[in-house]
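Visitor: Dropping a structure here in structure tokens format, bear with me for questions.
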Amino acid sequence: MTDTFWLALAAKMLTSGAIVVVVSILVERAGPFIGAMVATLPVSAGPAYIFLSLDHDAAFVAKSALTSLAINSAVALYISAYALLAQRGGVFVSLGAALAVWLACAWVVFQIPWSLPAALSANAVTFAIGFVVTRRYWNATALNRAGPRWWDMPVRAVLVMAVVATVILTAKLIGPRVAGIAALVPVVLTSVVLVLHPRQGGQTAAAVLVNALPGLIGFALALICLHLSAIPLGLPLAIGLWFGISVAWNLMLIAYRHRGVLRLRR
């Protein structure tokens with residue numbers, strides 16, 4: 001690998017870290033639902049896929065997107081595991097168990113040659129489980145507001161920078177399947193937990209993650225679009241549609257929620 005590659009990698013990592021730091025601040029201050037809507041935008045996987053598109057062809061990105069769709073199903077189980085344990089458990093036990101669930105699912109995903117129907121079925125099953133298991137934990141309010149910790153920002157930035165570096169390096173060295181898995185490491189949700197759980201409690205952090213489930217459905221739809229459109233439409237348009245679908249879906253959820261709140265107030 002040339003010096004140019006390493007300089008480009010460093011620039012990509014720094015750019016992505018800055019994006020997620022800004023988004024994480026908004027998540028912390030906006031409350032569980034709005035915070036979840038921001039967290040489920042492609043702020044971590046998005047930069048990773050943009051950089052993949054600069055280094056690889058449409059077929060590579062389309063295959064990576066299919067694997068990302070499959071691993072998206074694991075995020076629902078990650079959320080479910082954390083939400084159940086965080087009601088009483090500490091941050092490291094709850095988050096560690098959730099990450100262990102995700103890693104186990106990632107290993108399974110890597111073993112399977114995925115098709116679009118199979119990936120869709122996996123998402124349908126795990127999201128159904130997630131909605132049933134977490135239905136009691138959708139609403140929570142912050143009990144306190146601790147002062148900022150010195151490590152908040154560095155942890156958030158390092159997490160996403162590590163994901164971007166992993167995606168780019170695995171894509172270059174191994175191939176699209178591993179890159180597709182690495183792109184969907186739940187780095188934003190994990191950074192939210194690391195900040196909110198110690199400061200506002202596990203129930204508040206769990207509420208953010210649980211409210212992310214509807215947003216992740218839109219994220220899955222956007223991945224389907226990326227997988228299907230990368231080759232016929234070209235990567236710039238396909239990635240633009242991916243971002244557009246994710247944003248439009250979450251805006252729709254916000255509008256629906258706002259409408260429901262207004263009805264309750266009447």
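The values are calculated or read from the model by the stated rules, or taken from the named source; none is laboratory data. Computed from a predicted model, the values in this text were never measured in an experiment. For neighbour counting, all protein chains shown are included, and Cβ atoms are generated from backbone atoms with ideal geometry for every residue, glycine included.
Visitor: Please list, ordered by first then second residue, the pairs with beta carbon atoms under 7 Å, 6 or more apart or interchain, first in the range 226-240 and in contact (Cβ under 8 Å) with a residue 24 or more places away in the chain and within 11 Å of Y49 (Cβ to Cβ), second buried (at least 16 other Cβ atoms within 10 Å of the Cβ) and of a type in the set (S, T, N, Q).
Guide: L235/S53; A238/S229; I239/S53
Visitor: Is one or more of the residues making up the range 94-114 among the aromatic types (F, W, Y) and under 14 Å from A220 (Cβ atoms)?
Guide: Yes.
Visitor: While we're on this one: Checking the condition assigned to a helix (DSSP H, G or I), touching a residue at least 12 places away in the same chain (Cβ under 8 Å) and under 14 Å from V38 (Cα atoms), which residue from L209, L196 passes?
Guide: After applying the criteria, what remains is L209.
Visitor: For the range 56-69, does any single residue satisfy the condition of being assigned to a helix (DSSP H, G or I), out of contact with any strand residue (DSSP E or B) (no Cβ under 7 Å at 6 or more places or on another chain) and of a type in the set (D, E)?
Guide: Taking every residue of the range 56-69 in turn, none turns out to be assigned to a helix (DSSP H, G or I), out of contact with any strand residue (DSSP E or B) (no Cβ under 7 Å at 6 or more places or on another chain) and of a type in the set (D, E).
Visitor: Checking the condition surrounded by fewer than 21 Cβ atoms within 10 Å (Cβ to Cβ), over 22 Å from T134 (Cα atoms), of a type outside the set (F, W, Y) and modelled with pLDDT of 90 or more, which residue from A65, A100, A58, A104 passes?
Guide: It is A58.
Visitor: Just give me the residues in the range 166-224 being out of contact with any His (no Cβ under 9 Å at 6 or more places or on another chain), small (G, A, S) and over 20 Å from V155 (Cα atoms), in sequence order. Steps first, please.
Guide: If we filter the range 166-224 for residues that are out of contact with any His (no Cβ under 9 Å at 6 or more places or on another chain), which is where we start, we get 166-170, 173-175, 177-178, 180-203, 207-224.
Checking which are small (G, A, S) leaves us with 175, 180, 182-183, 191, 201-202, 207, 212, 215, 218, 220, 222.
Hits for the range 166-224 are G175, G180, A207, A212, G215, G218, A220, A222.
Visitor: I've got another one for you. Would you call V160 over 15 Å from A106 (Cβ atoms), surrounded by 24 or more Cβ atoms within 10 Å (Cβ to Cβ) and modelled with pLDDT of 80 or more?
Guide: In short, no.
Visitor: Looking only at the range 105-121, how many residues end up being small (G, A, S) and within 17 Å of the chain's Cα centre (by Cα)?
Guide: Number of matching residues: 2.
Visitor: Conditions: (1) modelled with pLDDT of 75 or more; (2) more than 12 Å from R156 (Cα to Cα); (3) assigned to a helix (DSSP H, G or I). L41 meets all but one. Number of the miss?
Guide: Here L41 clears every test but (3).
Visitor: If M13 satisfies all but one of (1) within 18 Å of the chain's Cα centre (by Cα); (2) buried (at least 16 other Cβ atoms within 10 Å of the Cβ); (3) under 21 Å from I174 (Cβ atoms); (4) at pLDDT 85 or above, what's the number of the condition it fails?
Guide: Every listed condition holds for M13 apart from (4).
Visitor: Sticking with this one: Does V195 satisfy being farther than 15 Å from L41 by Cα and touching a Lys or Arg at 6+ places or on another chain (Cβ under 9 Å)?
Guide: yes
Visitor: Looking at the range 213-258, which of its residues are of a type outside the set (A, V, I, L, M) and buried (at least 16 other Cβ atoms within 10 Å of the Cβ)?
Guide: Across the range 213-258, the qualifying residues are P214, G215, G218, F219, C225, H227, S229, W242, F243, S246, W249, N250.
Visitor: Identify all residues within the range 178-206 that are of a type in the set (V, I, T) and within 15 Å of the chain's Cα centre (by Cα); write none if there are none. Outline the logic, then answer.
Guide: Going residue by residue through the range 178-206, those that are of a type in the set (V, I, T) are 178, 181, 185, 187-188, 190, 192-193, 195, 204.
Result: I181, V185, V187, V188, T190, V192, V193.
Visitor: Does R177 qualify as being surrounded by 19 or more Cβ atoms within 10 Å (Cβ to Cβ), assigned to a helix (DSSP H, G or I), modelled with pLDDT under 85 and not hydrophobic (A, V, I, L, M, F, W, C)?
Guide: Numbers: surrounded by 19 or more Cβ atoms within 10 Å (Cβ to Cβ): yes; assigned to a helix (DSSP H, G or I): yes; modelled with pLDDT under 85: yes; not hydrophobic (A, V, I, L, M, F, W, C): yes.
Considered against the rule, which asks whether it is surrounded by 19 or more Cβ atoms within 10 Å (Cβ to Cβ), assigned to a helix (DSSP H, G or I), modelled with pLDDT under 85 and not hydrophobic (A, V, I, L, M, F, W, C), R177 comes out as yes.
Visitor: I'd like to check something: does the range 107-120 contain any residue that is buried (at least 17 other Cβ atoms within 10 Å of the Cβ), outside any loop (DSSP other than H, G, I, E, B) and modelled with pLDDT of 85 or more?
Guide: yes
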